[in-house]
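First up is the structure itself, then whatever we jot down about it.
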Amino acid sequence: MVVGSPTVRRRRLARKLRELRESANLTSDQATKKAGFSRGKLTRMERNEWVLPDPEDIAKLLDVYEVTDPEVREAYMALARQSRQKGWWVGYKDVLGSGAYVGLETEATTIRTVETLLIPGLLQTESYARAVIRGHGVTDEDTIVRRVEARMLRKQILARPDAPKFWAVVDEAALLKVTPDLADQLQHLLDVQRPSLRIQVLPNQLGPHAVMPGGFTILDFADDPSVVYLESSGLNTLFLEEEDDITQHELLYDYAQSAALSVDDSRDFIQGVLDSLT
């Protein structure tokens, strides 16, 4: 069973509340007045701009939207209660920020990622992660330790019985930045692969390609719309949820995957890079 993520629950609750209002043919202002909310509160709720949803607020909205079926009301209230729970990542807020991405990643059924300069986070070894974090200019040892710990905890989703399908397209540039003292990272890329976890390489000989401007991750869910995740710098992140954005990035991913070496050829390529370091 997939471990429930409060991040996903909050996102789902926000979407369902908006759908209820639209089904009730009420504008945001009309629903706000009926519920007795302050101006802008409902908009923030529907945009998922909340931290801990208040069950009392949800109950008021169910009244406004004339949701009277006891089972349906309880489903919404249960979703609100689950949304208030805390994931393990809350304990690493100092290095993960809000942990919004980790919360989504935890419940994804499929993860498709393109990386142009780095090995994907879920595939990083401790030594490589530490080197990358140092490379970002972090010098405080305690902070480095915390970030590496958080990254290793994230990887645990790939060891679950219900692990998400993970397919990574990695540019050759990321592999060539692996130094001899980090050769275990390349060996890990070879060892970790299985039918539900595959890696393809975009070779330099390909020349310019569709994802040169930067990498991204597409997260798919069993019961919720997909999300595209873009990481800029530091703890800043960007999530795209509009259908057009999802479609565009799925097309970019398809371009990258079709241009990349096959899975078997990619394994041979990674092995070649590893052999050149040892």
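The values are calculated or read from the model by the stated rules, or taken from the named source; none is laboratory data. What you see is a predicted model, and the numbers here were worked out from it, not measured in a lab. Cβ atoms come from the backbone with ideal geometry, glycine included; neighbour counts cover every protein chain shown. Accessible surface areas use protein heavy atoms only, side chains included; no ligands, DNA or RNA. Shrake-Rupley method; radii C 1.70, N 1.55, O 1.52, S 1.80 Å.
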GNM top mover of 148, 51, 228 - the chain, alpha-carbon springs below 10 Å = 51
message = With the cut-off at 1.5 for a/c, could you classify the stretch 95-191 from its C-alpha gyration tensor as rounded, prolate or oblate?
response = oblate
task = Determine how many Å³ per residue the convex hull of the Cα atoms of the stretch 166-235 encloses.
result = 143 Å³
request  = Please name whichever of 101, 135, 26 sits farthest to the positive end of the charge dipole of the chain, dipole taken about the Cα centre and charges placed at Cβ: Lys and Arg +1, Asp and Glu -1.
outcome  = 26
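Hey, if we sort 206, 117 by accessible area with the 1.4 Å probe, largest down, what's the order?
117, 206
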ask   = For the stretch 1-117, what mean projected area does the convex hull of the alpha carbons give, in nm²?
value = 9.5 nm²
task = Counting other Cβ atoms within 10 Å, keep those with at most 13, restrict to DSSP loop, and tell me which GluC sites (Glu not before Pro) in the stretch 1-63 are left.
result = 49
key: Highest-MSF residue in the chain out of 24, 259, 168 [GNM, Cα springs under 10 Å]   = 24
task = Go ahead and estimate [θ] at 222 nm for the chain from helices alone: -39,500 (n - 2.57) per DSSP H run with n ≥ 4, summed, over the residue count, rounded to 500.
result = -14500 deg cm²/dmol
task = Any chance you could run the full-extension gain for residue 165 through residue 153? It's 0.36 nm times the residue separation minus the Cα-Cα distance, nm to one decimal.
result = 2.6 nm
key: Cα-Cα pairs of the chain separated by more than 26 Å (percent)   = 50 percent
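Take the alpha carbon gyration tensor of the stretch 148-264, find the square roots of its eigenvalues, order them as a ≥ b ≥ c, and report rounded if a/c is under 1.5; if not, report prolate when a/b exceeds b/c, else oblate.
rounded
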key: Net dipole in debye of the stretch 193-278 [+1 Lys, Arg Cβ; -1 Asp, Glu Cβ; about Cα centre; nearest 20]   = 560 debye
request  = Select from the stretch 33-95 those trypsin sites (Lys or Arg not before Pro) which occupy a DSSP coil region and have at most 12 other Cβ atoms within 10 Å, ordered by residue number.
outcome  = 39, 47, 86
request  = Can you tell me the dipole magnitude for the chain around its Cα centre, using point charges on the Cβ only (Lys, Arg +1; Asp, Glu -1), in Debye to the nearest 20?
outcome  = 940 debye
note = On the accessible surface of the chain, probed at 1.4 Å with all protein chains in place, carbon and sulfur together account for a percent value of 49 percent
